[in-house]
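The values are calculated or read from the model by the stated rules, or taken from the named source; none is laboratory data. The model shown is predicted, which means the values in this text are computed figures rather than measured ones. Heads up, the Cβs are rebuilt from the backbone with ideal geometry, glycines too, and the neighbour counts pull from every protein chain shown. Just so you know, the surface numbers come from the protein's heavy atoms only, side chains and all, with ligands and any DNA or RNA stripped out. Shrake-Rupley method; radii C 1.70, N 1.55, O 1.52, S 1.80 Å.
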Amino acid sequence: MDKGELLYEGKAKRVYSTSDPDLYVQEFKDDATAFNAKKKGEIVGKGVVNNKISSVLFQMLEKEGVPTHFEKLLSDRDMLIKKVEIVMLEVTVRNITAGGICRTIGVEEGVRLKEPVYEIHYKEDKLDDPLINEDHAKVLGLATDEEMAIIKDYALKINQLLKKFFEGLNIDLVDYKLEFGRYKDTIILADEISPDTCRFWEKGTGKKLDKDRFRQDLGDVEDAYQEMLSRITQES
Ligand code: 5GP
């Protein structure tokens, strides 16, 4: 399937039309941003890693009954996806405290949560993707009650599946962000699942193997992405 017109360019991906009106190509870039693009840089090879990791995880989730926009891996950086209307929510699930939850409710980093913490954020860069509740989402017309219930069910089911998958790789799945889309009157998982959108800590050492290495200037950023790819592809 050939790439057609460039339709959209985001911080980490480009989206192209194809000859099929129901399908797009998403291309993963090496560009890296953090803190709502206040910090910018490049992580060499990141696009390839994120494309391949997302492909493996989307296929695993599909097999386990979670519908996703994944159609096919096309090349190192390109993935064929279903055309969806993105729900303007960033859905976060947390298993261990880090990042936003430490700032929002004043907890220390590294606390293992007895139950996963589910959050929704308004996907709006101008407001720094604020944490909102379902009433806010309804006021803004972002999703219906029914859609939000489906999204929460999927997000928590995905948590079970991803946690188990990463346990097998000796990795703690600390937290992650998901985006969903509307496709032919259904809700499906969209965007990507990668070291850009998840926090991964090596069990035992606590070594961070995700975008926090870039956000916090920890060094060895490329190596961390490659390490996650090699663990994931060995498993699959
Ligand atoms: P936090 O709310 O702690 O900043 O992020 C929670 C999780 O969601 C982290 O794994 C983080 O990487 C991911 N996340 C949240 N917002 C964004 C975003 O705008 N872009 C990306 N790439 N990941 C995000």
Filter result for residue 27 (over 22 Å from residue 154 (Cβ atoms) and modelled with pLDDT of 95 or more) | yes
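Assess whether residue 141 counts as being more than 15 Å from the chain's Cα centre (by Cα), outside the structural domain of residue 22 (by TED's automatic domain parsing) and loosely packed, with under 12 Cβ neighbours inside 10 Å.
Considered against the rule, which asks whether it is more than 15 Å from the chain's Cα centre (by Cα), outside the structural domain of residue 22 (by TED's automatic domain parsing) and loosely packed, with under 12 Cβ neighbours inside 10 Å, residue 141 comes out as yes.
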Residue list for the range 125-136, filter: open to solvent by less than 80 Å² (accessible area, probe 1.4 Å) and more than 16 Å from the ligand (Cβ to nearest atom) = 134
Residues being over 20 Å from residue 213 (Cβ atoms) and among the β-branched types (Val, Ile, Thr) - total across the range 1-55 = 3
Hits in the range 144-200 (condition: part of a strand (DSSP E or B), within 16 Å of the ligand (Cβ to nearest atom) and in contact with a Ser or Thr (Cβ under 9 Å, 6 or more places away or on another chain)) = 174, 175, 176, 177, 178, 179, 189, 190
For the range 45-59, state whether one or more residues are open to solvent by 50 Å² or more (accessible area, probe 1.4 Å) and in a strand (DSSP E or B).
-> no
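So that you can scan it fast, the table gives a plain yes or no per residue for (1) touching an Asp or Glu at 6+ places or on another chain (Cβ under 9 Å); (2) in the same structural domain as residue 207 (by TED's automatic domain parsing):
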{"residue": "58", "(1), (2)": "yes, no"}
{"residue": "68", "(1), (2)": "yes, no"}
{"residue": "72", "(1), (2)": "no, no"}
{"residue": "89", "(1), (2)": "yes, yes"}
{"residue": "94", "(1), (2)": "yes, yes"}
{"residue": "98", "(1), (2)": "yes, yes"}
{"residue": "102", "(1), (2)": "yes, yes"}
{"residue": "105", "(1), (2)": "no, yes"}
{"residue": "112", "(1), (2)": "yes, yes"}
Would you mind finding the one in 40, 11, 63 that is of a type in the set (Lys, Arg) and either surrounded by 17 or more Cβ atoms within 10 Å (Cβ to Cβ) or away from the ligand (no atom under 16 Å from the Cβ) (or both)?
-> 63
Within the range 201-236, residues of a type in the set (A, V, I, L, M), free of Cβ contacts under 8 Å to residues at least 40 places away in the same chain and either away from the ligand (no atom under 15 Å from the Cβ) or surrounded by 21 or more Cβ atoms within 10 Å (Cβ to Cβ) (or both) come out as 209, 224
What is the residue count in the range 93-119 for residues that are within 11 Å of the ligand (Cβ to nearest atom) and either assigned to a strand (DSSP E or B) or open to solvent by 60 Å² or more (accessible area, probe 1.4 Å) (or both)?
-> 9
Looking at the range 68-92, which of its residues are more than 16 Å from the ligand (Cβ to nearest atom) and in a loop (DSSP other than H, G, I, E, B)?
-> 69, 74, 75, 76, 77, 83, 84
